[in-house]
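Reviewing the structure listed below.
Values in this text are rule-based calculations from the coordinates and carry no lab data. None of the values given here were measured: they were computed from a predicted structure. Positions of Cβ are generated from backbone atoms using ideal geometry, with glycine treated the same way; all protein chains shown enter the neighbour counts.
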Amino acid sequence: MIARGIAEEILPLDLLQAGEEASIVELIGNESQVHRLAEMGLRVGANIRMVRPGTPCLLALDGKRLSIRLAQDLEVLVAAAVPA
């Protein structure tokens, strides 16, 4: 649920800045890549926080830190809250 006065912006995970929070809305890639991300907790609806952007990036997810390097043929789209 989005608070009143807040809108969502859909963007690729790699565009999040340090400290920004978002929720995953779509995983685009082949079935095995998407399945592997889901095993690590990166699935549609998961809330994340970008700890350190870059390659690899460092994410906070469910009280854990996760370092990932996304392949060129794999994309994670997130909904970041932005002031309306």
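When region 45-66 is filtered for residues that are under 12 Å from the mean Cα position of the chain (by Cα) and either of a type in the set (V, I, T) or exposed (fewer than 11 other Cβ atoms within 10 Å of the Cβ) (or both), the ones remaining, listed by number, are G45, I48, V51. Taking region 31-42 on its own, how many of its residues are surrounded by fewer than 15 Cβ atoms within 10 Å (Cβ to Cβ) and either among the aliphatic types (A, V, I, L, M) or under 18 Å from I10 (Cβ atoms) (or both)? Qualifying residue count, region 31-42: 2. Consider region 27-44 and keep the residues that are more than 14 Å from L61 (Cβ to Cβ) and in a helix (DSSP H, G or I). The one that is nearest to the chain's Cα centre (by Cα) is V34.
Could you list, in sequence order, the residues of region 3-22 that are surrounded by 15 or more Cβ atoms within 10 Å (Cβ to Cβ) and closer than 10 Å to V78 by Cα? It would help to see each step written out before you state the result.
Here is the first cut: in region 3-22, the residues surrounded by 15 or more Cβ atoms within 10 Å (Cβ to Cβ) are 8, 11, 13, 16, 20, 22.
Selection gives E8, L11, L13, L16, A22.
Within region 45-65, the set of residues being of a type outside the set (G, A, S) and not in a loop (DSSP other than H, G, I, E, B) comprises N47, I48, R49, M50, V51, R52, C57, L58, L59, L61, K64, R65.
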